[in-house]
Amino acid sequence: MQIRSLQSHILALFLLLMVGVQVGGFALIKTAGMSAARETIGENLVAGTVVFDRLLEQNTQRLVQGVRLMSADYKFREVIARGDRNTVASVATIYGRRIDASLMMIVGLDERVLADTLGIATGKPFAFPDLMAKAKASQMASAMVLIRGHLYQLVVVPVLAPTPIGVVSILAPTPTAWVAIGFIVDDDLTQDLQRLTRLDVSFVSRHESDPWRLQASTLSAKDRAALLDNVAAERFTERDPDGNAQYSDEAVTRIVAFPARRGDRVVVVLQEPLASALEPFWRLQRRLAFISLAGVIVSILASVAIARRIARPVRKLASVARRIAAGDYSTTPPPSGVVEIGDLAAAFRTMQDGMASRESRISQLAYRDPLNQLPSWALY
């Protein structure tokens with residue numbers, strides 16, 4: 001529908017200007033808010049990653065201390081030193097339950113598994129030779145490993161030869177075996193890490209060409225599915241100067257990779273939603289929306305008043321023009337408080353007076369001779 005009246009044009013112009021300014025304000029707040037939120041959360045994520053690393057290291061040290069205390073038990077050492085497989089398996093089960101371990105392996109000096117609480121590796125070579133080599137070099141090793149598709153935090157420490165009470169050895173203690181304790185990575189661990197880091201924590205793994213698998217997470221079921229899709233599509237590969245992923249408008253993400261066995265990939269995904277940082281800007285937008293609504297109402301009323309003030313004198317001038325066209329010169333154009341409309345009304349009055357004067361002269365010329373002032377019909 002075409003806008004024909006001057007009043008409609010003025011109203012449309014006011015509304016267009018008001019809506020344009022408000023939309024621009026909304027866009028500016030959203031852009032500035034998103035940029036500020038990303039910058040703030042990005043810095044928090046960098047600091048949170050440092051905290052996460054330290055917490056994981058402290059948790060590893062705690063596990064190592066617990067395993068060392070267990071391996072230092074004289075009876076435990078004695079049973080391991082005897083090497084009876086059935087007894088070793090029974091002891092592994094008992095001591096594993098004591099420390100609430102998800103997995104416990106006793107590995108001989110030949111790096112073959114003597115006992116395994118999961119019953120999957122007994123008599124086989126230890127599946128993580130690199131971890132064993134590290135344990136031999138530093139008397140302790142820890143890593144995130146995949147065992148049958150599940151993620152474990154595995155700790156390896158030596159089981160030293162039993163020393164009789166009262167006997168003091170001047171020689172360095174000799175390992176008689178190695179004990180590997182595994183604690184499954186589950187949602188309880190991620191919840192603990194979230195409480196300390198204030199970040200969403202997700203452990204994701206992949207074995208060779210298998211699909212990515214979410215081992216544990218603090219995310220909801222819907223967000224977990226979205227995270228797996230994003231990881232599978234490698235949407236987090238592009239990173240900003242701080243090392244955070246540039247993808248996603250819902251959260252700032254940081255990927256930390258763990259050393260893993262050849263063919264395996266283990267990563268932790270640290271995230272912080274943008275919603276918390278954007279809440280102040282959303283409150284500002286809501287307030288701006290109320291102000292905008294009030295502004296639109298005021299602008300409608302003001303534009304209607306202004307349009308009427310302009311359009312009404314114009315309509316009256318149009319009525320005067322139609323009367324003049326009909327030969328009525330008695331109507332006077334109304335005055336107006338608008339300078340331009342007043343000038344137009346004065347021009348109408350001048351034109352009206354001029355036209356009335358010319359018609360009077362024409363009538364005189366038509367009916368009276370200008371030379372002798374006699375009626376024209378008297379000459380004939």
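The values are calculated or read from the model by the stated rules, or taken from the named source; none is laboratory data. These numbers come from a predicted model, not from an experiment. Neighbour counts run over all protein chains shown; Cβ positions are idealised from the backbone, glycine included.
Against the numbered list (1) surrounded by 19 or more Cβ atoms within 10 Å (Cβ to Cβ); (2) aliphatic (A, V, I, L, M); (3) at pLDDT below 80; (4) in contact with a helix residue (DSSP H, G or I) (Cβ under 7 Å, 6 or more places away or on another chain), V67 comes up short only at (4). Each residue in region 78-88 was checked for being assigned to a helix (DSSP H, G or I) and surrounded by fewer than 18 Cβ atoms within 10 Å (Cβ to Cβ), and 6 pass. Only one of the listed residues (D110, D130) is in the same structural domain as G263 (by TED's automatic domain parsing), in a loop (DSSP other than H, G, I, E, B) and either modelled with pLDDT under 85 or surrounded by fewer than 18 Cβ atoms within 10 Å (Cβ to Cβ) (or both). That residue is D110. Checking each residue in region 203-224 for being surrounded by fewer than 16 Cβ atoms within 10 Å (Cβ to Cβ) and assigned to a loop (DSSP other than H, G, I, E, B) picks out E208, S209, D210, P211, S220.
Report yes if L227 is surrounded by 19 or more Cβ atoms within 10 Å (Cβ to Cβ), within 22 Å of the chain's Cα centre (by Cα) and over 30 Å from G20 (Cα atoms), otherwise no. Criteria met by L227. On inspection, L45 does not qualify as loosely packed, with under 13 Cβ neighbours inside 10 Å and assigned to a helix (DSSP H, G or I). Counting only residues that are surrounded by 15 or more Cβ atoms within 10 Å (Cβ to Cβ) and closer than 18 Å to I181 by Cα, which one in region 48-64 is modelled with the highest pLDDT? Per the stated criteria, the residue is L56.
Is it the case, given these coordinates, that E111 is out of contact with any Phe, Trp or Tyr (no Cβ under 6 Å at 6 or more places or on another chain) and of a type in the set (D, E)? Taking the combined requirement at face value, the residue does not satisfy it.
Which residues, taken from region 27-45, are basic (K, R) and either within 20 Å of R198 (Cβ to Cβ) or at pLDDT below 70 (or both)? Explain how you work it out, then say what you get.
Within region 27-45, the subset basic (K, R) is 30, 38.
Across region 27-45, the qualifying residue is only R38.
Could you grab me the full set of residues in region 229-241 that are among the hydrophobic types (A, V, I, L, M, F, W, C) and in contact with a Phe, Trp or Tyr (Cβ under 6 Å, 6 or more places away or on another chain)?
Of all residues in region 229-241, those among the hydrophobic types (A, V, I, L, M, F, W, C) come to 231-233, 236.
Matches in region 229-241: V231, A232, F236.
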